[in-house]
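Every read-out reported here was derived from the displayed coordinates using simple, explicitly stated rules and does not represent laboratory data. From a predicted model like this one, the values you see are computed outputs, not experimental measurements. Backbone-built Cβ (ideal geometry, glycine too); neighbour counts: all protein chains shown.
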Amino acid sequence: MQWFPTTRAESTDVPLGEAGAGDEEGLDALTEPVDGLTEALTAVDAFDRALTGGLLCPRPAQAEDLITLADAVAASPLAARVAEAAEKAAAGAASEDHFVTLAAARTALLGSAHDALTARTDEITGRAREEATVPPAAGGQAPNLLAAARSWLCDLARTGWQGIDHDVVSGAAQIVSAMLPDPRLRRLATLLDGFAAELAASCPGAALERIPVRRWADLWARGMLLTLPGAAAAPAAHTATGRLLPLGVDVQEHATAVQAQVHAVFEPADGTAARLVRASVSVPKPDTVLGAGVWQLLRPHMTLLAAAGEGRSMDLTDMPVTAEGDLIWQDEHARPGEPADPFATARVALPTATTTSAVPLDRHPARLAEPVFLEGYGIDRDGDTVTFTLPAYRLPVDTDRVPVAGPLTAQSVAASSACIGLLRWDAGRFRLQPLAVETTVRRKPVAVHAGAWAGGTTDKAGTRAEKAATDAVNVLRERAGRLLRK
């Protein structure tokens with residue numbers, strides 16, 4: 001990968017959220033250890049090691065790892081139940097209730113890590129945060145299907161990742177098929193379906209050279225808790241009326257699915273404080289649709305993508321929104337507004353916007369994604385690594401997260417003078433995922449956005465990718481039509 005020459009801005013004025021120029025105390029918070037974080041993650045790692053080997057006939061080392069998990073929550077209300085569950089699991093006699101308890105303890109530890117890191121980001125940005133209202137549990141969610149899903153996950157725990165085979169993994173297929181027609185169970189069904197597909201592609205576990213231990217344990221624990229009645233319910237808390245100012249688009253693409261998430265500032269019509277919100281759309285995709293072609297799949301499902309790509313605001317009327325600030329997007333509740341420059345929004349509206357905490361089940365360090373704005377930084381490069389140099393800290397830039405479905409590139413990031421991004425926690429440190437940058441092209445200042453092609457593009461590479469996507473989708477639709485006719 002080729003990079004522009006290293007440049008260093010002369011100014012050291014670095015606003016990060018509300019952090020002022022030369023605010024070394026706030027920036028030092030990026031490097032200071034977070035109390036208890038290492039211990040919490042160490043206990044999670046210990047349980048994940050035990051789970052990897054399977055809990056049908058645990059070895060002494062696995063028993064010690066289970067005790068480590070129990071010790072980590074010894075001062076919490078979970079202490080007695082987790083101690084019992086760890087003892088039973090260490091003896092190879094854990095029941096479904098014990099596995100649920102162990103999953104809850106692991107989730108609680110990651111939730112505490114999330115809360116500690118969130119408090120640190122609030123300290124850095126000076127952002128006010130409101131506590132989300134937990135929705136009431138809803139009953140009547142096909143208890144037999146939930147019990148079947150829980151039983152399958154317990155079988156996985158007993159087998160362990162090293163012991164998985166197609167016979168064990170295939171047990172999810174009928175459960176998922178039965179769940180998908182019920183909208184209340186679709187969240188869990190989607191998780192189980194994707195999880196089982198990953199496991200099936202990795203069978204047999206005994207032959208694996210590398211196991212994604214943390215990821216599979218995350219999916220297992222989340223699935224276990226979602227089998228509890230009411231856990232998967234996430235109703236909208238209220239509605240939103242006002243102006244929506246997009247900041248940037250985060251694109252996450254896999255071989256068979258793609259998601260676009262728009263981060264924005266919402267200004268309520270009643271004059272109350274502006275707040276940070278998100279709006280997401282996810283669609284399945286053929287593995288032949290690549291690059292800018294994904295916008296053809298996403299665009300029809302959310303008009304906000306076109307507005308974000310064109311640099312326009314959206315006027316919302318009674319748009320459903322969850323307690324966590326996720327807009328449940330419905331095009332009939334939105335219409336395009338006036339032009340709105342995301343960098344003007346980042347400079348003026350972002351510093352005073354409030355945000356909302358995640359609900360307990362969603363608290364995980366991987367979920368951390370705080371919109372921030374920086375400018376006036378220096379830039380260092382070391383091979384493919386880009387680092388923004390601030391007055392008291394070096395902030396690594398996660399250029400691997402820059403999507404190929406837009407004009408933003410690692411090169412433009414490395415030549416930028418201002419950046420809208422998401423502050424994340426990854427591999428033990430804070431990293432910045434760029435969503436948009438201001439840079440200079442042919443001596444002229446320009447803004448480059450990851451989601452610039454969301455509403456369409458005249459860029460040659462983007463146009464070619466969209467045409468290829470159109471051809472691929474048309475071919476697939478024709479083949480599907482033939483199969484249906486037969």
Spelling it out for Ala132: with amide H atoms placed in the peptide plane at 1.01 Å from N, the residues 5 or more places away or on another chain with amide H under 5 Å from its amide H are Ser357
Gain upon complete extension [Asp318, Arg210; 0.36 nm per residue less C-alpha separation]: 34.1 nm
Partner aspartates and glutamates whose C-alpha sits under 14 Å from that of Lys285, ignoring same-chain residues fewer than 8 away, are Glu253, Glu466, Asp471
For the charge dipole of the range 141-209, defined by +1 on Lys and Arg C-beta atoms and -1 on Asp and Glu C-beta atoms about the Cα centroid, which residue among Ala147, Trp161, Leu191 has the Cα displaced farthest towards the positive pole? Ala147
Quick one: order Lys467, Lys460, Lys285 by neighbouring beta-carbon count within 10 Å, fewest to most. Lys460, Lys467, Lys285
Going 7 Å from the Cα of Ala91 toward and past its Cβ, which residues in the range 149-191 have a backbone nitrogen under 15 Å from where you end up? none
By how many nm would the segment from Thr354 to Thr256 lengthen if fully extended, with 0.36 nm per residue of separation less the alpha-carbon distance? 31.8 nm
Taking the chain and counting helices only, DSSP H stretches of n ≥ 4 at -39,500 (n - 2.57) each over all residues, the nearest-500 ellipticity at 222 nm comes to -12000 deg cm²/dmol
Of the range 405-424, those with amide N under 18 Å from the point 7 Å along the Cα→Cβ vector of Arg464 are 405-409
Working only with C-alpha atoms, what are the Rg and Dmax values of the chain, expressed in angstrom? 23.6, 70
Using packing as a proxy for protection, rank 212-219, 65-72, 349-356, 402-409 so that the peptide with the highest average count of other Cβ atoms within 10 Å comes first. 65-72, 402-409, 349-356, 212-219
Check: C-alpha center the range 117-134 vs C-alpha center the range 260-303, spacing in Å is 23 Å
In straight Cα distance, which aspartates and glutamates are under 14 Å from Lys467, not counting same-chain residues fewer than 8 positions off? Asp459
Among DSSP beta bridges lying fully in the chain, give the percent that are antiparallel, nearest 5. 90 percent
Dipole-positive endmost among Pro339, Val100, Pro351 within the chain (Cβ charges, Cα centre): Pro339
In whole Hz, with x marking every Gly and Pro, tabulate ³J(HN,Hα) for the range 318-323 from phi via Karplus 6.51 cos²θ - 1.76 cosθ + 1.60, θ = phi - 60°. 6, 6, x, 9, 7, 5
Honestly the range 37-226 on the Cα gyration tensor test (a ≥ b ≥ c root eigenvalues; a/c under 1.5 rounded, otherwise a/b vs b/c for prolate or oblate) is just oblate
Which of the peptides 394-401, 98-105 is most tightly packed, and how do the rest follow, judged by the mean count of other Cβ atoms within 10 Å per residue? 98-105, 394-401
Multiplying the sequence separation of Cys203 and Ala366 by 0.36 nm and subtracting their Cα-Cα distance, what value in nm do you get? 56.1 nm
